[in-house]
Amino acid sequence: MGDPRKPRRKWVGPRHPWIKERLLKEIEIVGRYGLKNKRELWIAETLARKFRHRARAILGLPEDQREKEFKALVSKLAKLGIVSENAALDSILGITAEHILERRLQTIVYRRGLARTIHEARQLIVHGHIAIGARRVTSPGYLVSVDEEPLVTYAPGSPYRERLEVKGVGVS
């Protein structure tokens, strides 16, 4: 069971720490998505790896069980917005860390125009200025589902929300 104060690691780091091409690629991705450190990237890579592993495991199942498991996996990934509802197995096997990073709250806030930069998006979230519906979310790594995406806005009581309402833009 384990101690609840010591949760399991959600990531697996690289096997070899000093490969120059991988290091340069990681730095570029960390900068593009405004990540705090490489651990956040490794969390996304581990999650993508788990989805790909689950898809490969489905290939070895009997036909009737394979169809049921495949539909469950596709519906979960479609709900997260990583693949489409009618995705093939090849698209699931092609999931990368970038697909996961595109669904983070930090990226969604930036893409929706609630923040001018990806780094400002992170700060707005951490400081409690962003809400999903009526619920304030302070974790930039929160994976936003397709249903929650239109509900991402400024939190009630946030000065950013009031500034938009004064300008006449209004926030739904």
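In this structure, I108 qualifies as in contact (Cβ under 8 Å) with a residue 12 or more places away in the chain, touching an Asp or Glu at 6+ places or on another chain (Cβ under 7 Å) and within 16 Å of R32 (Cα to Cα).
Of everything listed in (1) at pLDDT 95 or above; (2) farther than 22 Å from V30 by Cβ, the single unmet condition for P159 is (1).
Of the residues in the stretch 76-88, not one is touching a Lys or Arg at 6+ places or on another chain (Cβ under 8 Å) and more than 30 Å from A155 (Cα to Cα).
So, of the residues in the stretch 133-154 that are in contact (Cβ under 8 Å) with a residue 12 or more places away in the chain and more than 18 Å from L101 (Cα to Cα), which turns out to be surrounded by the fewest Cβ atoms within 10 Å (Cβ to Cβ)?
Checking each candidate, the answer is A134.
One line per residue, one yes/no per condition, for (1) in contact with a helix residue (DSSP H, G or I) (Cβ under 7 Å, 6 or more places away or on another chain); (2) modelled with pLDDT of 95 or more; (3) β-branched (V, I, T); (4) within 17 Å of A48 (Cβ to Cβ):
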{"residue": "I82", "(1), (2), (3), (4)": "yes, yes, yes, yes"}
{"residue": "L93", "(1), (2), (3), (4)": "yes, yes, no, yes"}
{"residue": "H99", "(1), (2), (3), (4)": "yes, yes, no, yes"}
{"residue": "I108", "(1), (2), (3), (4)": "yes, yes, yes, no"}
{"residue": "R111", "(1), (2), (3), (4)": "no, yes, no, no"}
{"residue": "R122", "(1), (2), (3), (4)": "yes, yes, no, no"}
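Remark: I95 matches the filter, which requires a residue to be assigned by TED's automatic domain parsing to the domain that holds I29 and of a type outside the set (G, A, S).
Of these, S75, S91, S84, which one is assigned to a loop (DSSP other than H, G, I, E, B), within 25 Å of G141 (Cβ to Cβ) and either aliphatic (A, V, I, L, M) or under 23 Å from the mean Cα position of the chain (by Cα) (or both)? After applying the criteria, what remains is S84. Annotation for the stretch 105-127: at least one member residue is within 30 Å of R56 (Cβ to Cβ) and among the hydrophobic types (A, V, I, L, M, F, W, C).
Working carefully through the options R56, R39, R52, R32, find the one that is surrounded by fewer than 19 Cβ atoms within 10 Å (Cβ to Cβ), outside the structural domain of P140 (by TED's automatic domain parsing), part of a helix (DSSP H, G or I) and more than 19 Å from the chain's Cα centre (by Cα).
Checking each option against the conditions leaves just R56.
Y110 meets each of the listed conditions (1) aromatic (F, W, Y); (2) surrounded by 20 or more Cβ atoms within 10 Å (Cβ to Cβ); (3) farther than 30 Å from Y160 by Cβ apart from (3). Among the residues making up the stretch 107-144, those that are outside any loop (DSSP other than H, G, I, E, B) and among the charged types (D, E, K, R) are R111, E120, R122, R135, R136. Checking each residue in the stretch 83-102 for being crowded, with 21+ Cβ neighbours inside 10 Å and over 25 Å from L59 (Cβ atoms) picks out only L101.
The values are calculated or read from the model by the stated rules, or taken from the named source; none is laboratory data. It should be emphasised that the depicted structure is a prediction, and the values quoted were computed from it without experimental measurement. All Cβ positions, even for glycine, are placed from backbone atoms using ideal geometry, and neighbour counts span all protein chains on display.
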